[in-house]
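Working notes for the structure below.
Quick note: the coordinates plus some simple rules give every number you see, no bench work behind them. Bear in mind that the values here come from a model prediction, so they are computed numbers and not experimental data. All Cβ positions, even for glycine, are placed from backbone atoms using ideal geometry, and neighbour counts span all protein chains on display.
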Amino acid sequence: MTSCPAVFCSLIAAFAVSGVGAAFAQIGPGAKFSARDPRTCPDHTAPKRGAITPELAAKYVACEEEHASDSSLYLIEKMQVQVGKGRKFQLRTDSYNDIDPSQPVYPLRGSYVRYSCGVPRAAFDTVGKNCTLYDQPHATGVCFKTTFGDWHCFMKDLDNSLRP
């Protein structure tokens with residue numbers, strides 16, 4: 001396990017210095033993990049026409065991957081994405097729910113860091129040490145449009161997905 005990265009702990013540290021209790025620093029799902037909240041994307045429809053941009057692909061990958069449960073929090077940082085040339089739908093490899101087979105599928109490659117965090121426990125001295133870092137240096141995936149016009153983007157480094 002690694003220490004709590006500065007990007008996650010900065011909010012908590014700022015409140016600690018100011019004398020405000022960490023319990024009051026945040027009320028979202030990241031609060032019980034002493035981390036930021038997972039990103040959400042209420043609208044997945046941009047761009048309406050044309051190819052997905054690397055910036056939007058990175059945003060959509062993060063929104064698909066980041067989430068919290070009762071016992072775990074998953075966050076993405078340092079996302080780098082390249083978008084390849086759109087290609088035709090291929091039934092053998094592109095059988096995702098609701099994919100629109102009339103729309104191009106865009107290959108992705110890049111890198112990111114994934115954090116898996118548990119609830120910190122003061123009694124076990126895990127406060128600030130409750131996140132495991134998974135480096136994803138050779139991630140690949142796709143972006144595609146659904147039959148509803150929403151974009152979905154996924155990226156994983158299959159060689160490093162479970163290795164801290």
Give me the one-decimal nm value for the distance between modelled label points at Val113 and Gln82, 7 Å along each residue's Cα-to-Cβ direction. 2.2
Restrict the search to the stretch 26-129; then list the trypsin sites (Lys or Arg not before Pro) that DSSP places in a loop and that have at most 12 other Cβ atoms within 10 Å of their Cβ. Lys48, Arg49, Lys85, Lys88, Arg92, Arg121
When only DSSP loop residues count, what chymotrypsin sites (Phe, Trp or Tyr not before Pro) in the stretch 32-130 have their Cβ near at most 16 other Cβ atoms within 10 Å? Phe89, Tyr96
With N residues in the stretch 39-156, Rg(alpha-carbon) / (2.2 N^0.38 Å) equals 1.21
What is the order of Leu108, Leu158, Leu75, fewest Cβ neighbours within 10 Å to most? Leu158, Leu108, Leu75
Taking H placed 1.01 Å from N in the peptide plane, check which residues at least 5 places from Thr126 or on another chain put their amide H under 5 Å from its amide H. Arg121
